[in-house]
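Asks: Take a look at this one; I'll ask things after.
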Number of protein chains: 2
Amino acid sequence: MSDSEHDWPRPEEETESETVIDARTARNNPEVADAVAKIAALRQSIDNVDTAIVSLLAERFKYTSQVGVLKARAGFAPADYQRENSQIERLHRIAVEAGLDPDIAEMYREFVVTEAKRRHKRIAEAGGDPGVLDVFA
Amino acid sequence: MSDSEHDWPRPEEETESETVIDARTARNNPEVADAVAKIAALRQSIDNVDTAIVSLLAERFKYTSQVGVLKARAGFAPADYQRENSQIERLHRIAVEAGLDPDIAEMYREFVVTEAKRRHKRIAEAGGDPGVLDVFA
């Protein structure tokens, strides 16, 4: 799991084999035009989901930065593996219920927890002073 | 960006310096007890955010797997860098508006796009047959 290496060319490696969906191809083929229209509708839904998730991530990092300040002031370590294990189990269960590959939920958890810890550590190193908080944290 | 290496011990490397928030410490110190209560409340909000995000990720991967099938059938490449660039700009803007570090929004985007492409590639290799779709995709 958590195999997140890129096995796909990155944007800067764009090659000629790249097929961008274009209007010209679509005009000449009704089946392609239909696919293009369906893809456009799905992309709008994907964008809406991303807006919701980015807004929720903003709230999540506000909460975790508050936790970071409280932990640093009370002298608790940034990491808490008991909490982490219960999150792993919880997200696995919720993912299965929602029809999401639990590996994706675990990758999401690793991503947010790693970033939250990185910020907690920074807060602790600065003595838990919220004045030094990243404006975005 | 996208520096996602772990600079923090992983769960399996747990050390003695680890401080788990425990009831015993809290009982002997009202200030610590207050911090523990506040952390518990924040964690419940964090869990609620995670439930919402995992549910939205489930929907997002359902949408992208539909896009994957449509692209494979129409002979489009899994990647579309024009779309990707507009997503990068869009998420950066939304993150700033929401008060989220735009680097986090970009890490989120890389994570979901990498996983979606991995699945699209799998669909294309199987000839775009939705019958071969991962049950979770």
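The values are calculated or read from the model by the stated rules, or taken from the named source; none is laboratory data. This one's a predicted model, so the numbers in the text were calculated from it and none came from an experiment. Every residue, glycine as well, gets a Cβ built from its backbone with ideal geometry; the counts of neighbours run over all protein chains shown.
Asks: Answer yes or no: is there a residue in the stretch A:74-93 that is small (Gly, Ala, Ser), at the interface with another protein chain (Cβ under 7 Å from one of its Cβ atoms) and closer than 15 Å to residue B:43 by Cβ.
Replies: Yes; the residues of the stretch A:74-93 include at least one that is small (Gly, Ala, Ser), at the interface with another protein chain (Cβ under 7 Å from one of its Cβ atoms) and closer than 15 Å to residue B:43 by Cβ.
Asks: Of the residues B:5, B:16, which is at pLDDT below 95, more than 7 Å from chain A (Cβ to nearest Cβ) and farther than 25 Å from residue A:60 by Cα?
Replies: Exactly one of B:5, B:16 is at pLDDT below 95, more than 7 Å from chain A (Cβ to nearest Cβ) and farther than 25 Å from residue A:60 by Cα, namely B:16.
Asks: Right, something else. Among the residues of the stretch B:98-116, is there at least one that is free of Cβ contacts under 8 Å to residues at least 40 places away in the same chain, β-branched (Val, Ile, Thr) and closer than 22 Å to residue A:96 by Cα?
Replies: Yes; the residues of the stretch B:98-116 include at least one that is free of Cβ contacts under 8 Å to residues at least 40 places away in the same chain, β-branched (Val, Ile, Thr) and closer than 22 Å to residue A:96 by Cα.
Asks: Something else now. Looking at the stretch A:99-110, is at least one residue within 7 Å of another protein chain (Cβ to nearest Cβ) and surrounded by fewer than 19 Cβ atoms within 10 Å (Cβ to Cβ)?
Replies: Yes.
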